[in-house]
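The values are calculated or read from the model by the stated rules, or taken from the named source; none is laboratory data. All values derive from a computational prediction rather than experimental measurement. When we count neighbours, we look across all protein chains shown, and the Cβ atoms used for this are built from the backbone with ideal geometry, even at glycine. The accessibility values were calculated without ligands, DNA or RNA, using every heavy atom of the protein model including side chains. Shrake-Rupley method; radii C 1.70, N 1.55, O 1.52, S 1.80 Å.
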Amino acid sequence: VDGHDQSIRVFTTRPDTLFGATYMVLSPEHPLVEAITVADKQDDVKTYQEAASRKSDLDRTELNLDKTGVFTGAYAINPVNGLKIPIWISDYVLVSYGTGAIMAVPAHDTRDFEFATTFGLPVACIIRPDAEEAAAKGVDPQDVLEGKACWTGDGALIHSSNDSGLDLNGLPVTQSKQAATDWLAARGLGERKVNYKLRDWLFSRQRYWGEPFPVVYYGDGTIDILDESELPLLLPEVEDFTPSGSGESPLAKAEDWLNYTNPRDGRRGRRETHTMPQWAGSCWYYLRYIDPTNAKAPWDTDLEKYWMPVDLYVGGAEHAVLHLLYARFWHKVLYDLGLVSTREPFQKLVNQGMILGLSYRNSRKILVPNDKVEQRGDQFFHKDTGEELEQFPAKMSKSLKNVVNPDDIIRDYGADSFRLYEMFMGPLEAVKPWNTQGVEGLQRFLQRTWKMIVGPDGQLSDSITEAAMSREQARVLHQTIKKVTEDLETLGFNTAISQLMICLNEFSKANERNRQAMETFVLLLAPLAPHIAEELWQRLGHDGTLAYETWPAYDEDCLKVDEIEIMVQLNGKPRAKMMIPAEADQSAMQALTLANPKIQELLDGLEVKRVIAVPGRLVNVVAQ
C-alpha cells in the first residue's frame, strides 16, 4: 500500500494478467480497510460497510446485478510495473473467499469490467483475442484492444513486460501463467498455492421442528446412536414451542422424550435436543419418489436402477449452490455404501432465471421501499423527501415491498395468463423484470383463442367446420407443430408461445376454421395453458381429458412454401422487394428480376453489368 507499511495479499488464478490490473478491490470486512482509508473517505466507507453487512453472500455474488463500491482514497503498488492503482471496497468481494482482496483486471474479467464501467476506471487490455474464438463469440477484437469490451478467452499476451526480466508478450495464456508465477516466486512476491472453496455445513438447529438426531448422550460421557429397531425417531407432541431459557432447543423441556433408557443394557442418557434443518429429507427425496409407498425400505433397488439418474433438474441460483450441492453429497455417500447404482444423481441442470420486481433508488444508490414512492407522470419521487428516484428492476424482497403476490395475479387474470406470462417473458435461464401489463397481453391472447373456437353462447362456434384448410393455413399449422414440439424439448417456452400467436393470427382471420386444425392447436397449447385447453377440448366435443391424446406430428410436405419474398438491391442498396417461386435457383432469380416491371423502371437508362443472386434471400443488380 502506497505510503503504508501494509501489504495486501491476493489469491489469483491469473498471475499472467498482472500488467492489466488497474485497481484493487477489498471486501468491506477486510481488516486493512480502516487502516488505509483516508480521512475524508471514512464516513462513506463506514456507511457502505454497514449496508454490505446486511446482505447475504448470495445477494453479494450470484444475485448481485448492480456493482456498487467506495474508493478508500488509498493506492497500491502493482508489483510487476510499479504503477499506483486505486484501492476500492465492494460487496462483490467476499472476505471468506481467497484473501478477501482482488487485483481487478477489467479488460479480462466480466465482474471487474462491469465495476470499472460503472465507476469510470481504466481498462487496460493485455491479451489480444484469438481471432477465430472472437468471431465465434461475436466479439470485435478492436473493441477489446480499445477497452470497450471484456475478453475472457484465449489469446496472446501484449503490453506485458518490464525491465526486471519478465516478458510475457506473445505467449499464450497457459505459458504466461507459468512464467509470471516463476518470476513472482523468485522475488518473494508470490507463491503457488491451491485454494479450496469449502465451507462448513451447519446441519443442526436449536428449534423444535425438523428431523431429530437419533443420538444419545450418557452420563459417563459416551455418545451413541439409536439402534435401527428404534427408528424412525419422531418428535414428541408438545404444546410449548418457545425456547427453553437455558440456551437449549425447545425439545429440552420435553422431559419424557428427552430422558432415554437403553432397552438393551439399561443405561440412562439424554437425547440430542438439536434437530436437523428440516431439509435433510430433501437431500434424497428424488430417491423416495421412485418407491414412495415402500414400508420396508427407502426404495427398491430394482426400481432405483430403472429410474435413476434424474434426467433434468430445474432450479434457481440458490438451488445450484445449496440444494444441488447437498443432494450430490448425500448421493455420493449412498453410492459409496452401495445403496444406489449411479455416481451422480442428476444428468442435466437448468438454472431458471430470477423474476425481478420494480424497485427504486436515490442519487446515492440507496434503495427506497415501494410504499415510499409516488409517481408523477413518468417520474418517481420520495414521498417524504421529494427527491426524484430512479426506477430499476431488482430482486423481490419484503423490505423493499416490491413482491408480486401470485394469488393476486391469478385472481385478476387467471392461472393460465399467469403461467403464460412467466414463460413468455424471455428465455428460461434469463433474469427478467416483472411487468403486470405483460400479463394483460397474454390474457388477451387467451381471450382471442377462446373466441376463435367458442361462440357467444358458450358452445362450439359455427365457424368450426369440416372445411379443408388453405395451403397457407396448413403450412402455418404444421410449422407451429414443429416449432412448439422442438421448443418444448429445449425448454424454449417463450418462442413456442410466439409461434402459437402466429398460428392464432392466421386462423382467426378466416371465416371457416377446420375442426382438426383447432384440435391440434388446443393440444399444442395444453402444456402451456392447461386449464383453458381442457375447456376448449370439451367444447370441441370430447368427454375425456386431453392429457392422454397423442401429441400432434407435422408433415414436412406441408412446411414447403410456393413463393417467398426476396430483396432486390441496386448497386448494393435495397430498392425493392418481389415474390419469386420458392425453388428458384440463381439463374431463375436473375431472369425474374430483370423481367420484373418495377425493376425495369429502376434500371431505365442504366447499363446492367452484373446480376448477383443469393438463393432464397436477395438479388443485387450492378449497373452504370
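Could you tell me whether segment 323-339 includes any residue that is surrounded by 13 or more Cβ atoms within 10 Å (Cβ to Cβ), touching a Lys or Arg at 6+ places or on another chain (Cβ under 8 Å) and hydroxyl-bearing (Ser, Thr, Tyr)?
Yes, the conditions are met somewhere in segment 323-339.
Within segment 11-23, can you find the residues that are out of contact with any His (no Cβ under 9 Å at 6 or more places or on another chain) and crowded, with 17+ Cβ neighbours inside 10 Å?
First, pick out the residues of segment 11-23 that are out of contact with any His (no Cβ under 9 Å at 6 or more places or on another chain): 11-13, 15-16, 18, 21-23.
If the condition is that a residue be out of contact with any His (no Cβ under 9 Å at 6 or more places or on another chain) and crowded, with 17+ Cβ neighbours inside 10 Å, then THR12, PRO15, ASP16, LEU18, ALA21, THR22, TYR23 are the ones that fit.
So, in segment 432-455, of the ones that are assigned to a helix (DSSP H, G or I) and among the β-branched types (Val, Ile, Thr), which residue ends up surrounded by the most Cβ atoms within 10 Å (Cβ to Cβ)? Can you show your working first?
Our first condition is that a residue be assigned to a helix (DSSP H, G or I); within segment 432-455, this holds for 436-453.
Okay, now just the ones that are also among the β-branched types (Val, Ile, Thr), so 436, 439, 449, 453.
Numbers: THR436: 13, VAL439: 22, THR449: 25, ILE453: 23.
Residue satisfying both the conditions and the ranking: THR449.
Would segment 472-495 turn up any residue that is under 30 Å from PHE392 (Cβ atoms) and free of Cβ contacts under 8 Å to residues at least 60 places away in the same chain? If you could, list the steps in order and put the result at the bottom.
First, pick out the residues of segment 472-495 that are under 30 Å from PHE392 (Cβ atoms): 491-495.
Those left that are additionally free of Cβ contacts under 8 Å to residues at least 60 places away in the same chain: 495.
Yes, because at least one residue in segment 472-495 is under 30 Å from PHE392 (Cβ atoms) and free of Cβ contacts under 8 Å to residues at least 60 places away in the same chain.
Return the pairs, sorted by first residue and then second, in which the second residue is open to solvent by less than 20 Å² (accessible area, probe 1.4 Å) and assigned to a strand (DSSP E or B), the first residue lies in segment 6-25 and is within 20 Å of THR174 (Cβ to Cβ), the beta carbons are less than 7 Å apart, and the residues are 6+ apart or on different chains.
If the second residue must be open to solvent by less than 20 Å² (accessible area, probe 1.4 Å) and assigned to a strand (DSSP E or B), the pairs left are ASP16/LEU157; ALA21/ILE85; ALA21/ALA104.
Run down VAL350, VAL333 and say which single residue is among the aliphatic types (A, V, I, L, M) and under 25 Å from the mean Cα position of the chain (by Cα).
Values: VAL333 fails: under 25 Å from the mean Cα position of the chain (by Cα).
Exactly one residue qualifies, and that residue is VAL350.
Please go through segment 233-263 and give me each residue that is open to solvent by 30 Å² or more (accessible area, probe 1.4 Å), touching a residue at least 40 places away in the same chain (Cβ under 8 Å) and touching a Lys or Arg at 6+ places or on another chain (Cβ under 8 Å), ordered by number.
Result: no residue meets the conditions.
Does GLU556 count as more than 11 Å from LEU477 (Cβ to Cβ), modelled with pLDDT of 95 or more and touching a helix residue (DSSP H, G or I) at 6+ places or on another chain (Cβ under 9 Å)?
On the way: more than 11 Å from LEU477 (Cβ to Cβ): yes; modelled with pLDDT of 95 or more: no; touching a helix residue (DSSP H, G or I) at 6+ places or on another chain (Cβ under 9 Å): yes.
No: the conditions fail for GLU556.
Please report, ordered by residue number, the strands (runs of 3 or more DSSP E) entirely within segment 248-347 with at least 3 residues that are farther than 30 Å from ASP59 by Cα. Lay out the reasoning, then the answer.
Details: elements: 259-261, 268-271, 313-315.
Where strands (runs of 3 or more DSSP E) fall fully within segment 248-347 and carry at least 3 residues being farther than 30 Å from ASP59 by Cα, they are 259-261, 268-271.
From the set of residues in segment 270-297 that are without any contact (Cβ under 8 Å) to a residue 24 or more places away in the chain and open to solvent by 40 Å² or more (accessible area, probe 1.4 Å), which is nearest to the chain's Cα centre (by Cα)?
Narrowing segment 270-297 to residues without any contact (Cβ under 8 Å) to a residue 24 or more places away in the chain: 285, 288-297.
Now drop any that are not open to solvent by 40 Å² or more (accessible area, probe 1.4 Å), which leaves 285, 288-289, 292-293, 295-296.
Numbers: TYR285: 24, ARG288: 28, TYR289: 27, PRO292: 32, THR293: 35, ALA295: 39, LYS296: 40 Å.
The selected residue is TYR285.
Taking the stated definitions as given, is TYR92 out of contact with any strand residue (DSSP E or B) (no Cβ under 7 Å at 6 or more places or on another chain) and not charged (D, E, K, R)? Let's see the steps before the verdict.
Values: out of contact with any strand residue (DSSP E or B) (no Cβ under 7 Å at 6 or more places or on another chain): yes; not charged (D, E, K, R): yes.
Yes, satisfied.
Looking at GLY188, GLY165, GLY170, GLY155, which is the one that is small (Gly, Ala, Ser), loosely packed, with under 13 Cβ neighbours inside 10 Å and touching a residue at least 12 places away in the same chain (Cβ under 8 Å)?
Numbers: GLY188 fails: touching a residue at least 12 places away in the same chain (Cβ under 8 Å); GLY170 fails: loosely packed, with under 13 Cβ neighbours inside 10 Å; GLY155 fails: loosely packed, with under 13 Cβ neighbours inside 10 Å.
Exactly one residue qualifies, and that residue is GLY165.
Can you tell me which residue is most open to solvent (accessible area, probe 1.4 Å) among those in segment 109-140 that are in contact (Cβ under 8 Å) with a residue 40 or more places away in the chain and assigned to a loop (DSSP other than H, G, I, E, B)?
Residue satisfying both the conditions and the ranking: PRO122.
Of everything in segment 391-429 that's farther than 19 Å from LEU358 by Cα and under 20 Å from the mean Cα position of the chain (by Cα), which residue is surrounded by the most Cβ atoms within 10 Å (Cβ to Cβ)?
It comes out as LEU420.
Condition (residue is touching a His at 6+ places or on another chain (Cβ under 8 Å) and outside any helix (DSSP H, G or I)) applied to segment 99-106: is it met by at least one residue? Before you say what the answer is, go through the steps one by one.
Pass one, segment 99-106, residues touching a His at 6+ places or on another chain (Cβ under 8 Å): 100-101.
Filter once more, keeping what is outside any helix (DSSP H, G or I): 100-101.
Yes: segment 99-106 contains one or more residues that are touching a His at 6+ places or on another chain (Cβ under 8 Å) and outside any helix (DSSP H, G or I).
Taking segment 178-219 only, how many residues are in contact with a Lys or Arg (Cβ under 8 Å, 6 or more places away or on another chain) and of a type outside the set (A, V, I, L, M, F, W, C)?
Within segment 178-219, residues that are in contact with a Lys or Arg (Cβ under 8 Å, 6 or more places away or on another chain) and of a type outside the set (A, V, I, L, M, F, W, C) number 5.
Could you list all residues from segment 24-54 that are under 29 Å from the mean Cα position of the chain (by Cα) and either over 14 Å from SER96 (Cα atoms) or open to solvent by less than 20 Å² (accessible area, probe 1.4 Å) (or both)? Working first, answer last.
The initial filter retains those residues of segment 24-54 that are under 29 Å from the mean Cα position of the chain (by Cα), namely 24-29, 48-54.
Those that are under 29 Å from the mean Cα position of the chain (by Cα) and either over 14 Å from SER96 (Cα atoms) or open to solvent by less than 20 Å² (accessible area, probe 1.4 Å) (or both): MET24, VAL25, LEU26, SER27, PRO28, TYR48, GLN49, GLU50, ALA51, ALA52, ARG54.
Could you pull out the residue among ALA588, ALA547, ALA584 that is over 19 Å from VAL622 (Cα atoms), open to solvent by less than 80 Å² (accessible area, probe 1.4 Å), assigned to a helix (DSSP H, G or I) and small (Gly, Ala, Ser)? I'd like the intermediate steps shown before the answer.
Details: ALA588 fails: over 19 Å from VAL622 (Cα atoms); ALA584 fails: assigned to a helix (DSSP H, G or I).
Criteria check complete, one pass: ALA547.
Can you tell me which residue is farthest from LEU559 (Cα to Cα) among those in segment 591-621 that are assigned to a strand (DSSP E or B) and among the aliphatic types (A, V, I, L, M)? Lay out the reasoning, then the answer.
Let us first name the residues in segment 591-621 that are assigned to a strand (DSSP E or B), namely 608-614, 618-621.
Still in the running and among the aliphatic types (A, V, I, L, M): 608, 611-614, 618-619, 621.
On the way: VAL608: 36, VAL611: 30, ILE612: 28, ALA613: 24, VAL614: 21, LEU618: 21, VAL619: 24, VAL621: 31 Å.
Checked segment 591-621; the qualifying residue farthest from LEU559 (Cα to Cα) is VAL608.
Given the conditions (1) modelled with pLDDT under 95; (2) open to solvent by less than 50 Å² (accessible area, probe 1.4 Å), which single one is not true for PRO309?
Only one criterion is unmet by PRO309, namely (1).
Do we have GLU512 as in contact (Cβ under 8 Å) with a residue 12 or more places away in the chain and out of contact with any Ser or Thr (no Cβ under 6 Å at 6 or more places or on another chain) here?
Working: in contact (Cβ under 8 Å) with a residue 12 or more places away in the chain: yes; out of contact with any Ser or Thr (no Cβ under 6 Å at 6 or more places or on another chain): no.
Judged against the criteria, GLU512 is not a match.
Working only within segment 560-576, note down all residues that are under 30 Å from THR480 (Cα atoms) and either under 41 Å from the mean Cα position of the chain (by Cα) or not in a strand (DSSP E or B) (or both). Quick ask: steps written out before the conclusion?
Looking only at segment 560-576, we keep the residues that are under 30 Å from THR480 (Cα atoms), and these are 560-568, 576.
Result: LYS560, VAL561, ASP562, GLU563, ILE564, GLU565, ILE566, MET567.
Looking at segment 142-161, is at least one residue outside any strand (DSSP E or B) and more than 28 Å from ALA124 (Cβ to Cβ)? Lay out the reasoning, then the answer.
If we filter segment 142-161 for residues that are outside any strand (DSSP E or B), which is where we start, we get 142-154, 158-160.
Filter once more, so that each one left must be more than 28 Å from ALA124 (Cβ to Cβ): none.
For segment 142-161, residues outside any strand (DSSP E or B) and more than 28 Å from ALA124 (Cβ to Cβ): absent.
Being without any contact (Cβ under 8 Å) to a residue 40 or more places away in the chain and either under 24 Å from the mean Cα position of the chain (by Cα) or outside any loop (DSSP other than H, G, I, E, B) (or both) is the filter here; which residues of segment 72-98 pass it?
GLY73
Can you tell me which of (1) surrounded by fewer than 16 Cβ atoms within 10 Å (Cβ to Cβ); (2) more than 28 Å from the chain's Cα centre (by Cα); (3) of a type in the set (A, V, I, L, M, F, W, C) is the one VAL476 doesn't meet?
Answer for VAL476: the failing condition is (1).
Got a sec? Which of ALA467, ALA517, ALA526 is within 26 Å of VAL314 (Cβ to Cβ) and either crowded, with 20+ Cβ neighbours inside 10 Å or more than 30 Å from the chain's Cα centre (by Cα) (or both)? Break it down stepwise before answering.
Values: ALA467 fails: within 26 Å of VAL314 (Cβ to Cβ); ALA517 fails: within 26 Å of VAL314 (Cβ to Cβ).
So the residue among ALA467, ALA517, ALA526 that is within 26 Å of VAL314 (Cβ to Cβ) and either crowded, with 20+ Cβ neighbours inside 10 Å or more than 30 Å from the chain's Cα centre (by Cα) (or both) is ALA526.
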